């Protein structure tokens, strides 16, 4: 049997291991990206390694998350990132240049290359035929230093696309349908590879929308072939030389297969409060809408914005609706301004935001109390918008714009003929907001503001690990629950001691005090613990508070990796009923912890309060085992450097 596309790229970059699903492999990384919300910590960790210059083919630092400068903190972080990247050979995308994934797609992504990013939506690059993976900042820092990226070899799930989308049906509807079929945990341990005759009908921005939201499946990444459509996009970006044709073998084998008939799809929406609560717009009904937000790394391309402008042209946003629009990059915004589309948006009553993440990460534009907000974003977790009581629906730009002018959730097919918008033959290319690093050897002063604090380090695993159950939480707890990411807290992403005071407070306002009063302890979670963002702060804040382990029914991929990087034990219940029996403030003890972890067999956790025991699993690769024993990745690297 032949090779699928994902295995071809992995094989080309394989450093160690065999391409057998479930086995540990390591791969070389060609490109990295960071953003300012996770980047400050990543560069502090890179500095701690003592490597003078990045060793990737290209590394880019973006400023797109913390652009609201209500105090000095964000500006200080930006100055630190700009100076530290200049010193170490990393390109710097200035505030206003755009959202990392949109700009990376336009200006830097290369088919067939590997990309590791400190943002969970890095798989957007799969729309270009890249193997693009989201990871914690420490993993990205190691990759910048030339280290291989270790991961469990995923299964490859083929999604065969048949037919062609009908008018008013969008790429967003394709990925919402995949989420409906697979769920938010259905992609764990898998790469989603798109194939079939329907692929050639989708533009690169449409493909990128689909791969972007593959993160919501829990997938390692998603990937499309690199074909003539890819070539035309890169040619229009004046990057034709970056194109390589990349296709699966005709007889390629896959571990799983799903078939989606594009011509059978209808406009869809993800209902509150999960991206997989998907239904047809016509089934949900004409609910009153209070806010519409268009943008984010999912749907802020030139194509998306032009469709929105065409729908809004000559119309007025309903008085009950607040419409905000954030073009994804300076390139997109500039082109909209030149061709008059921006004027059509403004004339209709849209409020134009800067080219940044903004409301997608809760950075401004929080809805009113109990409001219904339609968003073209990728996540609708409870409270992520900044308003806990808001009802957030995820929709396509077409649905969003149509609803803004009708005032109710609207199937855009009711509007008549769909706008015909195509990619331009040539995009406006102007990289003047990307700053090249200083030449190697040139002295650069790294500027550190008072908000930048050292990151916490763990101790090596002790023989006896004990502590109380500090909190017990339900299924699908997100990193937004573990380490909230609202507009008030985002400026403190480089200050773990401050952030720790808000750790898990959406679940229990008393958690930080409880953790400190009990000298740390354990967290108990349900299924898919830690889904969502790649932010390693969701591991670093618990580490700072003394958390020794997390007992859960299952873990989201990136969060589990971040726990291991921090030396926190990720334990899974062998018997799910034990989750029901365990209680908050129960005293847990793991005797002979080093020996038990090294054995690779079951871990026996004693509940001293209830006089019982639980059988737990700890699934670790050989490299992860070393990290847990050493108390985290940094400790392991320091120890290795001494030998």
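Coordinate-derived values only; no laboratory data. Note that the coordinates shown come from a computational prediction; the quantities given were computed from them, not determined experimentally. Methodologically, a virtual Cβ is constructed for each residue, glycine included, from the backbone with ideal geometry; neighbour enumeration extends over all protein chains shown.
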Given axes a ≥ b ≥ c from the Cα gyration tensor, I'd like to know whether segment 403-471 is rounded (a/c under 1.5), prolate (a/b larger than b/c) or oblate. oblate
Grab the DSSP H runs of the chain that are 4 residues or longer, score each as -39,500 (n - 2.57), total them, divide by all residues and round the 222 nm result to the nearest 500 deg cm²/dmol. -8000 deg cm²/dmol
Given the C-alpha centroids of segment 226-248 and segment 389-439, what is the distance between them in whole angstrom? 23 Å
Applying 1/(1 + (r/R0)^6) with R0 = 60 Å to the Cβ-Cβ distance of residue 408 and residue 594, what FRET efficiency is obtained, to the nearest 0.05? 0.50
Where the centroid of each part is defined by its Cα atoms, how far is segment 266-312 from segment 98-120 in Å? 24 Å
Multiply the residue gap between residue 388 and residue 53 by 0.36 nm, knock off their C-alpha separation, and tell me the result in nm, one decimal place. 116.3 nm
Between residue 609 and residue 475, take the C-beta separation as r, use R0 = 25 Å, and let me know the FRET efficiency to the nearest 0.05. 0.55
Inter-site label distance for residue 261 and residue 334 at 7 Å from Cα along Cβ, in nm: 4.5 nm
With N residues in segment 464-550, what two-decimal value do you get for its Cα radius of gyration over 2.2 N^0.38 Å? 0.99
Give the angle, between 0 and 90 degrees and rounded to the nearest 10, that separates the Cα long axis of helix 302-312 from the longest principal axis of the Cα atoms of the chain. 60 degrees
Starting from 0 in steps of 5 Å, tell me what percent of the Cα-Cα pairs of segment 534-643 lands in each bin. 2, 12, 21, 24, 20, 14, 5, 2, 1, 0
So for each of 496-502, 150-156, 15-21 I average, over its residues, the number of other beta carbons within 10 Å; can you give me the resulting order with the highest mean first? 150-156, 496-502, 15-21
For the chain, just list the percent of Cα-Cα distances falling in each 10 Å bin from zero outward, please. 3, 17, 28, 28, 17, 6, 1, 0
Rounded to the nearest Å, what's the spacing between the alpha carbon centres of segment 1-51 and segment 548-585? Just the number, please. 25 Å
Going by the alpha-carbon gyration tensor, a ≥ b ≥ c the square roots of its eigenvalues, is segment 323-432 rounded (a/c under 1.5) or, if a/c is not under 1.5, prolate (a/b greater than b/c) versus oblate? oblate
Using a/c under 1.5 as the rounded threshold, could you call segment 235-282 rounded, prolate or oblate? The axes a ≥ b ≥ c are square roots of the C-alpha gyration tensor eigenvalues, and prolate needs a/b larger than b/c, oblate otherwise. oblate
With r as the distance between the Cβ atoms of residue 601 and residue 516 and R0 = 35 Å, compute the FRET efficiency 1/(1 + (r/R0)^6) and round to 0.05. 0.55
Provide the packing ranking of 97-104, 368-375, i.e. peptides ordered by the mean count of other C-beta atoms within 10 Å per residue, highest first. 97-104, 368-375
When Rg is the radius of gyration of the Cα atoms in segment 402-527 and Rh is its Kirkwood radius, what does Rg/Rh come to? 1.18
Using a simple spin-label model with points 7 Å from Cα along the Cα→Cβ vector, what separation in nm is obtained for residue 244 and residue 617? 3.6 nm
Packing-wise, with mean Cβ within 10 Å as the measure, how do 208-215, 614-621, 160-167 rank, highest first? 208-215, 614-621, 160-167
Testing the spin-label approximation: label points 7 Å from Cα along Cα→Cβ at residue 426 and residue 288. State their distance in nm. 5.1 nm
Residues of segment 137-164 with amide nitrogen under 18 Å from the 7 Å Cα-to-Cβ point of residue 253? 153-159
In Å, the Kirkwood hydrodynamic radius from C-alpha pairs for segment 45-189 sits at 17.5 Å
